[in-house]
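Student: First the structure, then my questions, so here it is.
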Amino acid sequence: MSSPLLEVKDLQVVVGEENKVLLDGLNLTVNAGETHVLMGHNGAGKSTLMSALMGDPRYTVTRGQIIFRGQDITHETADVRARAGMFLSFQTPEEIPGITLESFLRTAAGAVTGKPVKVMKFRREMAAQMEALNMDPSYADRYLNVGFSGGEKKKSEILQLMMLKPDLAILDETDSGLDVDAVRLASEGIREYQKENPDGALLIITHSTRILDALHVDATHIMVNGHIVASGDASLVDKINREGYEEYEKLA
Ligand code: ADP
Ligand code: MG
């Protein structure tokens, strides 16, 4: 067994001038090739965990460690983490006027690999992935997320996943606000990523089972009040959707 891809140990994270504690004593281990699902009611700290993993400077780690591929990255910048192969898909992607989707993705791909990206090859691959996602080719030349519908923004996230092929992808409610067909496409996109990157790992935050239908899930974690209170297999997702979080809230 190889060493874990991601290890989060006893993580405590605070925010703001009052040092409000958002995560406390959180532990999580993800191995290469595994897909983990993170669930929890609104405000449990799921997005905070994602931001802390990616090195968002608004959040301060006051205890514990984040170890990626054996390297302690607890206090590394977001850039360093991205170059190491971590990828965060944002819950509400920003609109960036003046930067096209294609140039954004190409710059990101260059930053991740540290090598210049071959423009024509990149364009061809991107066109193929966009077709698979049923995205209109014109979106490549449109400014990032400006005037994109909710569904198109989410598809542009999945496109990022396909084009950047990170070692660890963290998807935060990629499925929220998507219609049935778009969820299916997103799910297929993620499955494609799994297939093409057998050592790639996914951490998926979701409330729905639909996006998971086509995916193999290795572990599910329940988060309450800033830490993980229970973990199980894929069946835990269905259990939560039937019974809710009440039984787990007592464990926090
Ligand atoms: P989830 O994604 O599980 O719904 P979040 O991680 O977004 O939850 O938020 C967890 C808690 O932390 C919430 O009470 C939220 O208001 C608070 N929080 C998150 N980010 C900040 C911030 N930048 N400043 C102050 N409070 C925050
Ligand atoms: Mg959230």
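Student: Name every residue in segment 194-252 that is acidic (Asp, Glu) and open to solvent by 70 Å² or more (accessible area, probe 1.4 Å), in order of residue number.
Tutor: The answer is Glu196, Asp199, Asp213, Asp233, Asp238, Glu243, Glu246, Glu247, Glu249.
Student: Let me confirm something: among Pro137, Pro97, Pro166, which residue is at negative phi, more than 20 Å from the chain's Cα centre (by Cα) and touching a residue at least 40 places away in the same chain (Cβ under 8 Å)?
Tutor: Pro97
Student: Restricting to segment 20-47, give me the number of residues that are open to solvent by 20 Å² or more (accessible area, probe 1.4 Å), within 9 Å of ligand 1 (Cβ to nearest atom) and not in a strand (DSSP E or B).
Tutor: Total meeting the criteria: 4.
Student: From the list Asp56, Asp79, exactly one residue is over 19 Å from Ile222 (Cα atoms) and within 14 Å of ligand 2 (Cβ to nearest atom). Which is it?
Tutor: Asp56
Student: Sticking with this structure for a sec: Quick test for you: out of Asp79, Asp72, pick the one residue that is more than 16 Å from ligand 1 (Cβ to nearest atom), under 19 Å from the mean Cα position of the chain (by Cα), acidic (Asp, Glu) and surrounded by fewer than 17 Cβ atoms within 10 Å (Cβ to Cβ).
Tutor: On inspection, the qualifying residue turns out to be Asp79.
Student: Return the residues of segment 1-19 that are open to solvent by 10 Å² or more (accessible area, probe 1.4 Å), farther than 16 Å from Ser47 by Cβ and not in a loop (DSSP other than H, G, I, E, B); say none if nothing qualifies.
Tutor: Selection gives Glu7, Lys9, Asp10, Gln12.
Student: Report yes if Arg58 is near ligand 1 (Cβ under 9 Å from one of its atoms) and open to solvent by 70 Å² or more (accessible area, probe 1.4 Å), otherwise no.
Tutor: Yes; evaluated as a whole, the condition is true for this residue.
Student: Taking only segment 113-161 into account, find how many residues are over 17 Å from Glu188 (Cα atoms) and touching a strand residue (DSSP E or B) at 6+ places or on another chain (Cβ under 8 Å).
Tutor: Adding up the residues that qualify gives 7.
Student: Now, a different point. Does Ile67 fit the bill of being away from ligand 2 (no atom under 16 Å from the Cβ), open to solvent by less than 50 Å² (accessible area, probe 1.4 Å), in contact with a Pro (Cβ under 8 Å, 6 or more places away or on another chain) and β-branched (Val, Ile, Thr)?
Tutor: yes
Student: Looking at Met162, Met120, can you tell me which residue is loosely packed, with under 14 Cβ neighbours inside 10 Å and in a helix (DSSP H, G or I)?
Tutor: Met120
The values are calculated or read from the model by the stated rules, or taken from the named source; none is laboratory data. Note that the structure is predicted; figures quoted are calculated from it, not measured. A quick note on method: Cβ atoms are made from the backbone with ideal geometry, for glycine too, and the neighbour counts reach across all protein chains shown. Just the protein is used for accessible areas: all its heavy atoms, side chains included, with ligands, DNA and RNA removed. Shrake-Rupley method; radii C 1.70, N 1.55, O 1.52, S 1.80 Å.
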